[in-house]
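Engineer: My questions all concern the structure below.
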Amino acid sequence: MDYESKFNGAGGTSGGVLEFFIGLGMTVAGAYLLTNQVTVTSGFWSYRGYNTFGLSLLPLIFGIGILFFNGKSIVGWLLTFAGVVVIFAGIITNLQIYFQPTSLFNTIIMLALLAGGIGLVARSLVAHK
């Protein structure tokens with residue numbers, strides 16, 4: 001194969017490589033500016049007003065205990081895996097995400113960069129005539 005047929009354009013199509021990189025730059029800039037305005041905090045694990053983080057550790061603790069007794073125990077591995085999944089799911093579900101106050105102009109610029117960049121990247125992957 002020759003070089004021109006192998007590397008014709010963006011995504012192997014006859015689309016524009018320049019459009020792709022401009023769109024990629026716009027997308028990255030818009031995503032950075034948008035995520036820079038977001039604050040992420042966490043709260044307490046609670047169920048009906050009670051702190052329940054300790055309860056989520058029980059499957060992990062029992063799973064590790066069973067694995068120390070018998071390292072080939074399927075029940076031990078399942079409990080350990082389930083405990084880790086419950087802990088990570090609990091962390092993610094208790095995150096609180098806030099968009100920091102900013103001007104309407106800045107918000108429009110962030111969203112326009114993000115949407116325009118995605119549009120240019122998508123356009124560059126379509127064959128041009």
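The values are calculated or read from the model by the stated rules, or taken from the named source; none is laboratory data. All of these numbers come straight from a predicted model, not from anything done at the bench. Methodologically, a virtual Cβ is constructed for each residue, glycine included, from the backbone with ideal geometry; neighbour enumeration extends over all protein chains shown.
Engineer: Can we say SER46 is at pLDDT below 90, loosely packed, with under 14 Cβ neighbours inside 10 Å and within 21 Å of LEU120 (Cα to Cα)?
Structural biologist: Judged against the criteria, SER46 is not a match.
Engineer: Any residue that is at pLDDT below 95 and in contact with an Asp or Glu (Cβ under 6 Å, 6 or more places away or on another chain) - is there at least one of those in the range 110-120?
Structural biologist: yes
Engineer: Name the single residue, out of those in the range 85-129 being more than 21 Å from GLY43 (Cβ to Cβ) and of a type in the set (Val, Ile, Thr), that is surrounded by the most Cβ atoms within 10 Å (Cβ to Cβ).
Structural biologist: My answer is VAL121.
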